[in-house]
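To start, the structure itself, in structure tokens.
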Amino acid sequence: MKLQLIRLLLYEVIVTYPQYDRLVSFASVHHGLRAEKLLAAAGIEAAAAPTPREVDISCGQCLLFAGKDEQRVLALLETNNVRWSKLFNRDGRSKIYDLIRMYDFRRAQWD
């Protein structure tokens, strides 16, 4: 019973937010939480959600946001040294995720 409820809640979180057509996964929960705070402070609408298994098995947390904000989001993450893992185009209703790009760890400059 509990497992069914958890699955239902997980489904609700991912399928909801049809206005968000981008999904970014993170290298760690720490970076996911940091990204969520940075986007909120910058006034960019986003929603934290569990990362769907079809997408990535990294840290388990992702952020959903609108494609119109993609460049701002990526610039903000890069400027603040937030390690993200993969960026996807997302159709939440049909659970289709298309990989747009992966983070280039070779170019990264960390504190």
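Only one residue in Glu54, Glu70 is acidic (Asp, Glu), in contact (Cβ under 8 Å) with a residue 12 or more places away in the chain and within 15 Å of Asp21 (Cβ to Cβ). Which one?
Working: Glu54 fails: within 15 Å of Asp21 (Cβ to Cβ).
So the residue among Glu54, Glu70 that is acidic (Asp, Glu), in contact (Cβ under 8 Å) with a residue 12 or more places away in the chain and within 15 Å of Asp21 (Cβ to Cβ) is Glu70.
Can you name every residue in the stretch 25-37 that is assigned to a helix (DSSP H, G or I) and not hydrophobic (A, V, I, L, M, F, W, C)?
Of the residues in the stretch 25-37, the ones assigned to a helix (DSSP H, G or I) are 29-37.
Those that are assigned to a helix (DSSP H, G or I) and not hydrophobic (A, V, I, L, M, F, W, C): His30, His31, Gly32, Arg34, Glu36, Lys37.
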(request) Please determine, by comparing only the residues of the stretch 43-64 that are more than 17 Å from Arg83 (Cα to Cα), out of contact with any helix residue (DSSP H, G or I) (no Cβ under 6 Å at 6 or more places or on another chain) and modelled with pLDDT of 90 or more, which one is surrounded by the most Cβ atoms within 10 Å (Cβ to Cβ). (result) Ala47
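Evaluate the stretch 38-58: report whether one residue or more is outside any loop (DSSP other than H, G, I, E, B) and under 17 Å from Tyr103 (Cβ atoms). Before the answer, list the steps.
Residues of the stretch 38-58 that are outside any loop (DSSP other than H, G, I, E, B), as a first pass: 38-41, 46-50.
Then drop every residue that is not under 17 Å from Tyr103 (Cβ atoms), which leaves 38-39.
Scanning the stretch 38-58 turns up at least one residue that is outside any loop (DSSP other than H, G, I, E, B) and under 17 Å from Tyr103 (Cβ atoms).
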(request) Output the residue which, of all residues in the stretch 65-102 that are of a type outside the set (Lys, Arg) and in a loop (DSSP other than H, G, I, E, B), is surrounded by the most Cβ atoms within 10 Å (Cβ to Cβ). (result) Val82
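Inspect the stretch 25-32 for any residue being of a type in the set (S, T, N, Q), touching a residue at least 40 places away in the same chain (Cβ under 8 Å) and buried (at least 18 other Cβ atoms within 10 Å of the Cβ) and give the result as yes or no.
Applying the first criterion (of a type in the set (S, T, N, Q)) to the stretch 25-32 yields 25, 28.
Narrowing the set further to residues that are touching a residue at least 40 places away in the same chain (Cβ under 8 Å) leaves 25, 28.
Remaining after also requiring buried (at least 18 other Cβ atoms within 10 Å of the Cβ): 25.
There is at least one residue in the stretch 25-32 that is of a type in the set (S, T, N, Q), touching a residue at least 40 places away in the same chain (Cβ under 8 Å) and buried (at least 18 other Cβ atoms within 10 Å of the Cβ).
Please go through the stretch 96-106 and give me each residue that is under 20 Å from Cys59 (Cβ atoms) and over 13 Å from the mean Cα position of the chain (by Cα), ordered by number.
Residues of the stretch 96-106 under 20 Å from Cys59 (Cβ atoms): 97, 99-105.
Those that are under 20 Å from Cys59 (Cβ atoms) and over 13 Å from the mean Cα position of the chain (by Cα): Asp104, Phe105.
Does the stretch 80-88 contain any residue that is over 11 Å from the mean Cα position of the chain (by Cα), modelled with pLDDT of 90 or more and aliphatic (A, V, I, L, M)?
Residues of the stretch 80-88 that are over 11 Å from the mean Cα position of the chain (by Cα), as a first pass: 80-83.
Then drop every residue that is not modelled with pLDDT of 90 or more, which leaves 80-83.
So of that shortlist, the ones also aliphatic (A, V, I, L, M) come out as 82.
Looking through the stretch 80-88, at least one residue is over 11 Å from the mean Cα position of the chain (by Cα), modelled with pLDDT of 90 or more and aliphatic (A, V, I, L, M).
The values are calculated or read from the model by the stated rules, or taken from the named source; none is laboratory data. Because the structure is a prediction, the values reported are computed rather than measured. We place every Cβ from the backbone using ideal geometry, glycine too, and count neighbours over all the protein chains shown.
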